[in-house]
Each structure stands twice: as C-alpha cells, then as structure tokens.
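Right, I'll just put the structure down here and ask away after.
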Amino acid sequence: MGEDHIEKKINLVALSGSIRKQSSTQKALYSLKNFIPENVDYGIYNVIENLPHFNPELDGDQPPEEVQVYRELLSRADGVIICTPEYIKGVPGVLKNALEWLVSSAELYTKPVAVITASGNGENAHQALQLHLSMLNANVFKGGLLLISGADSKLNADGGFVKSEVNASLKLLISKLIEEINKKEAYK
Ligand SMILES: Cc1cc2nc3c(=O)[nH]c(=O)nc-3n(C[C@H](O)[C@H](O)[C@H](O)COP(=O)(O)O)c2cc1C
C-alpha cells in the first residue's frame with residue numbers, strides 16, 4: 001500500500017502556563033481529554049519548568065537536551081493547545097520562556113494553536129499570548145481562542161469544568177482546532 005493511502009493520526013500537544021502541582025490550568029488540560037476524538041493523539045508537555053532560562057548563547061547547534069526534546073515534540077505536533085493563567089497582567093514567565101525557545105527553531109510557524117486563558121480575570125494574558133504567538137507566526141485561527149474568567153470557581157476538585165457552557169466551549173474549540181488542521185492537510 002502506498003504511503004498516500006495510510007491515514008495519518010492527528011497529533012496534539014498541550015502546554016500549561018502554570019507549573020503549580022494543583023494547577024487549575026494543568027487540570028483543565030487533563031480534563032480536555034474528554035473532548036479529544038479517539039482517532040486523535042493528545043499529549044501534555046508538563047515539564048515546562050525543566051527548560052533552562054532562554055539564552056541566545058545556548059541556542060546554537062547543540063541546544064540543551066531538554067530544549068531538543070521539547071522542540072522535537074512540538075515539531076511532530078499537528079496542532080498545539082496552550083492553557084494559561086494570568087500572572088501580574090501577563091503571561092507567566094515560565095510559559096514566556098518556553099515560547100522564547102521557539103523563536104529561532106520556528107516549530108509553531110503556521111501551526112494551528114488554540115489558546116485557553118483560565119484565570120481570575122485573564123484578559124491581559126490572553127491578549128499578550130496572542131501577541132507572542134503572532135511574533136512566532138503561529139496560526140491562531142478563528143474559533144481557537146477561549147477566555148475563562150473566574151476559572152477557579154468553575155472547576156471541580158478533579159479539575160473538570162462544572163459549567164456546561166465552559167465544557168461546550170472547550171469541545172467547540174477542540175473541534176475547530178481539528179478542522180483547522182484538516183484544512184491545512186488538504187492544501188498539502
Ligand atoms: C503571582 C501571581 C500573580 C497573579 N496575577 C494575576 C493577574 O494579574 N490577573 C489575574 O486574573 N489573576 C492573577 N493571579 C491569579 C491566578 O491567575 C489564578 O489564581 C489562577 O487560577 C492560577 O492558575 P493555576 O491554578 O493554573 O496555577 C495571580 C496569581 C499569582 C500567584
């Protein structure tokens with residue numbers, strides 16, 4: 001059978017902007033598994049804190065091993081989901097650092113990226129993250145943005161969202177992401 005006849009499984013990778021052990025954004029990313037279709041692979045890169053502080057001097061032919069692993073993971077992803085809280089009116093430093101490591105290597109270039117900001121308010125981080133992603137030329141597509149303000153009060157102990165409208169929005173976001181990936185595949 002020729003390669004053209006083998007259906008490729010969609011591969012999604014998620015990043016959390018919070019590394020707190022009981023983080024609501026990390027829990028939200030785990031709860032997203034409920035909305036991922038069976039024929040789609042979904043993995044969470046939840047060791048973002050292992051990436052060293054970005055330093056252009058380290059970003060040569062042999063970047064640190066954790067950076068290589070992270071970049072490889074993202075380069076194999078067809079789409080990316082970022083879920084983040086807001087810290088002091090912006091994107092948490094640990095996530096910004098992770099994005100800085102993608103400037104020279106361009107793993108997010110034209111890649112569909114869905115953005116979920118789940119925070120007390122979150123409006124500023126939501127806007128800032130879109131600006132960062134535009135600098136990376138990521139494809140932040142229509143229907144791929146979700147701001148969940150007052151996130152703490154909308155989560156249950158297991159990290160699932162209790163409000164049905166939030167769950168409906170998450171489900172829609174995932175389906176739009178997959179739609180966007182398929183659109184891109186069709187033009188290849
Ligand atoms: C250092 C710090 C700064 C924060 N700054 C903001 C802020 O500017 N805007 C906001 O909406 N929430 C802010 N928060 C609240 C967090 O975004 C909120 O608690 C969020 O749910 C934490 O996400 P996590 O549970 O995934 O760690 C801040 C929290 C901390 C610890």
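The values are calculated or read from the model by the stated rules, or taken from the named source; none is laboratory data. These numbers were taken from a predicted model, which means no experiment stands behind them. Here the Cβ is made from the backbone with ideal geometry for all residues, glycine too, and neighbour counts use every protein chain on show.
Looking at this structure, is Tyr187 modelled with pLDDT under 95, under 25 Å from Asp41 (Cα atoms) and either away from the ligand (no atom under 16 Å from the Cβ) or not small (Gly, Ala, Ser) (or both)?
Working: modelled with pLDDT under 95: yes; under 25 Å from Asp41 (Cα atoms): yes; either away from the ligand (no atom under 16 Å from the Cβ) or not small (Gly, Ala, Ser) (or both): yes.
When the stated conditions are applied, Tyr187 passes them.
Now for a different question. Which residues, taken from region 20-53, are of a type in the set (A, V, I, L, M, F, W, C), touching a residue at least 40 places away in the same chain (Cβ under 8 Å), out of contact with any Lys or Arg (no Cβ under 9 Å at 6 or more places or on another chain) and more than 15 Å from the ligand (Cβ to nearest atom)?
Correct list: Ile36, Leu51.
Among the listed residues Glu86, Glu65, Glu107, identify the single one that is within 16 Å of the ligand (Cβ to nearest atom) and either farther than 22 Å from Glu179 by Cα or out of contact with any Cys (no Cβ under 7 Å at 6 or more places or on another chain) (or both).
Working: Glu65 fails: within 16 Å of the ligand (Cβ to nearest atom); Glu107 fails: within 16 Å of the ligand (Cβ to nearest atom).
Just one listed residue meets the conditions, Glu86.
Among the residues that make up region 145-156, is at least one of them away from the ligand (no atom under 16 Å from the Cβ), in a helix (DSSP H, G or I) and of a type in the set (Ser, Thr, Tyr)? Walk me through it before giving the result.
The initial filter retains those residues of region 145-156 that are away from the ligand (no atom under 16 Å from the Cβ), namely 145.
Narrowing further to those that are in a helix (DSSP H, G or I): none.
There is no residue in region 145-156 that is away from the ligand (no atom under 16 Å from the Cβ), in a helix (DSSP H, G or I) and of a type in the set (Ser, Thr, Tyr).
I would also like to ask the following. Looking only at region 108-121, filter to residues that are touching an Asp or Glu at 6+ places or on another chain (Cβ under 9 Å) and in a loop (DSSP other than H, G, I, E, B); which one of those is nearest to Gln22 (Cα to Cα)? Working first, answer last.
The first filter runs over region 108-121 and keeps only residues touching an Asp or Glu at 6+ places or on another chain (Cβ under 9 Å), leaving 111-112, 114, 117-121.
Filter once more, keeping what is in a loop (DSSP other than H, G, I, E, B): 111, 120-121.
Working: Lys111: 29, Gly120: 16, Asn121: 19 Å.
Ranking the qualifying residues of region 108-121, first place goes to Gly120.
So is Leu133 at pLDDT 95 or above and away from the ligand (no atom under 16 Å from the Cβ) or not? Before you say what the answer is, go through the steps one by one.
Values: at pLDDT 95 or above: yes; away from the ligand (no atom under 16 Å from the Cβ): yes.
Judged against the criteria, Leu133 is a match.
Filter the strands (runs of 3 or more DSSP E) completely within region 1-106 down to those with at least 3 residues that are crowded, with 21+ Cβ neighbours inside 10 Å and in contact with a Phe, Trp or Tyr (Cβ under 9 Å, 6 or more places away or on another chain).
Working: elements: 10-16, 40-45, 79-84.
It comes to 10-16.
Hey, another quick one. State whether one or more residues within region 165-176 are among the hydroxyl-bearing types (Ser, Thr, Tyr) and outside any loop (DSSP other than H, G, I, E, B). Write out each step before concluding.
Step one: of region 165-176, the residues among the hydroxyl-bearing types (Ser, Thr, Tyr) are 169, 175.
Next cut, outside any loop (DSSP other than H, G, I, E, B) only: 169, 175.
Yes, region 165-176 contains a residue that is among the hydroxyl-bearing types (Ser, Thr, Tyr) and outside any loop (DSSP other than H, G, I, E, B).
In addition: Which condition breaks for Asp152 when tested against (1) under 17 Å from the mean Cα position of the chain (by Cα); (2) surrounded by fewer than 14 Cβ atoms within 10 Å (Cβ to Cβ)?
(1)
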